[in-house]
């Protein structure tokens, strides 16, 4: 992040309870990042219990804590493909009808045969199966004002149980924005390297998962829109209780 041509005004990390030792290491690395990027005092770590985890809940925690209109979302397995990553993503928001910007994701570059096969699977899935035309929280930028109108739906598993494991609350959010007359931009320049470095196991898992994602998308497409979503994070924010007692917020200062 410190190498980006457009610097983030703050960095928020949401962690569902690493061990104390891992959290200490993470806090130390975040402090170094704060110093390197010149945003001392604006790096925050939010932790919460694994028992409370869902894809929608953790994402809503992070967006709720953000102080700015444009919120960039990514995850721990992703790295920007370019130092212009943020700049390329932000350039689309001159259009007030753009609700969010996303990009593609490919495995980290390695020479192994499995990784080369995985690149083909990623390409095939995003172009042919999943038809990447939505804001994936693997890497995207959204307008917080529109998130307030429709936060990521934490009740989605009540309607589609598979989303508890596979997520796709971001796909639902994107479809809702389209139904309300907004646009989703997918820019190849705003892409990330994304993989879990598990060799053939990851390749097999990805191949199977893409068809599961496709089936879930078809179920989400059946929702009547516009609709309302539920977020306990959002309701706590509106009531003045930004976060439950089960989550903790840390302000990290850069090291001297």
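The values are calculated or read from the model by the stated rules, or taken from the named source; none is laboratory data. Small disclaimer: the values here were computed from a predicted structure and weren't measured. Neighbour counts run over all protein chains shown; Cβ positions are idealised from the backbone, glycine included.
Structure data summary
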{"item": "Evaluation of residue 12 against (1) within 16 Å of the chain's Cα centre (by Cα); (2) more than 18 Å from residue 170 (Cα to Cα); (3) in a loop (DSSP other than H, G, I, E, B) (one fails), failing number", "result": "(3)"}
{"item": "Region 49-66 - residue that is under 21 Å from residue 134 (Cβ atoms) and without any contact (Cβ under 8 Å) to a residue 60 or more places away in the chain and, of those, surrounded by the fewest Cβ atoms within 10 Å (Cβ to Cβ)", "result": "62"}
{"item": "Some residue of region 159-167 being part of a loop (DSSP other than H, G, I, E, B), touching a helix residue (DSSP H, G or I) at 6+ places or on another chain (Cβ under 6 Å) and buried (at least 21 other Cβ atoms within 10 Å of the Cβ)", "result": "yes"}
{"item": "Condition check for residue 48: closer than 23 Å to residue 5 by Cβ and either modelled with pLDDT under 85 or in contact with a strand residue (DSSP E or B) (Cβ under 7 Å, 6 or more places away or on another chain) (or both)", "result": "no"}
{"item": "Residue satisfying all of: in region 67-85; surrounded by 18 or more Cβ atoms within 10 Å (Cβ to Cβ) and touching a helix residue (DSSP H, G or I) at 6+ places or on another chain (Cβ under 8 Å); nearest to residue 170 (Cα to Cα) among these", "result": "73"}
{"item": "Residue in region 225-236 that is closer than 19 Å to residue 70 by Cα and modelled with pLDDT of 95 or more present", "result": "no"}
{"item": "Residue match in region 127-134 (condition: modelled with pLDDT of 90 or more, buried (at least 21 other Cβ atoms within 10 Å of the Cβ) and within 18 Å of the chain's Cα centre (by Cα))", "result": "no"}
{"item": "Inter-residue pairs, beta-carbon under 6 Å, first over 17 Å from residue 104 (Cα atoms) and in region 169-190, second assigned to a helix (DSSP H, G or I) and modelled with pLDDT of 95 or more, 6+ apart", "result": "169/56; 169/156; 172/220"}
{"item": "Every pair of residues 6+ apart whose Cβ atoms lie under 8 Å, when the first sits in region 16-36 and is at negative phi and at pLDDT 80 or above while the second is surrounded by 17 or more Cβ atoms within 10 Å (Cβ to Cβ) and assigned to a helix (DSSP H, G or I)", "result": "16/58"}
{"item": "Number of positions in region 75-101 that are in a strand (DSSP E or B) and modelled with pLDDT under 95", "result": "3"}
